[in-house]
Amino acid sequence: MVSQLNESARKIINAKLNDLSKSKFRSSFHLHKKELSYVEEKGLEKIREHAYEFINKNLVPAAIPNDGAQTPMKNHPVFIARHATATCCRGCLEKWHHIKKGVKLTDNQINYVVELIMEWIIRDYNGN
């Protein structure tokens, strides 16, 4: 699977994924057989659709009642990727990506989060 990022986005996402790889916790996440099979079966575009759905549902709003507990730790490639990329909750999003809590995410921020997740999935799928 090949990434479709433009050069500017690639640099930003590469730098962030490099930073995240230095975290013992973040670097401990990987897709397992079940999630790898799901990626193969559904394809990247469907996985991207799911990422947008999940992000819009429980990361975009300014106030999230269960922030910090809204992302499961297994059973979907996007869930695993969200933990690996620190996009699992608004607290992690603020700490790692400097996107403030208490403010609804912009379209650019949503796209950044989804592209980061997708790039992580592609890399993990490819064994990188």
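The numbers here are math on the coordinates, done by the rules we state, and not lab data. Note that the structure is predicted; figures quoted are calculated from it, not measured. Ideal geometry is used to build each Cβ from the backbone, glycine not excepted, and the neighbour counts take in all protein chains shown.
Relative contact order of the chain, taken over Cα pairs closer than 8 Å and 6 or more residues apart, is 33 percent. Using only Cα atoms and rounding to the nearest 10 degrees, what angle (0 to 90) does helix 107-125 make with the longest principal axis of the chain? Helix 107-125 sits at roughly 30 degrees to that axis.
A simple spin-label model places the labels of N14 and K101 3.3 nm from each other, with each point 7 Å out along Cα-to-Cβ. The Kirkwood hydrodynamic radius of the chain, based on inverse pair distances between different Cα atoms, is 14.6 Å.
In the chain, the longest principal axis of the Cα atoms and the axis of helix 44-58 are about 20 degrees apart. By the helix-only formula, in which each DSSP H run with n ≥ 4 contributes -39500 (n - 2.57) and the sum is divided by residues, the chain has a 222 nm mean residue ellipticity of -18500 deg cm²/dmol. With the highest mean first, a sort of the peptides 38-44, 121-127 on other beta-carbon atoms found within 10 angstrom per residue produces 121-127, 38-44. With respect to the chain, whose longest principal axis is taken over its alpha-carbon atoms, helix 33-42 is tilted by about 90°. Length available on full extension from K74 to K42: 0.36 nm per residue minus the Cα-Cα distance, which gives 9.8 nm.
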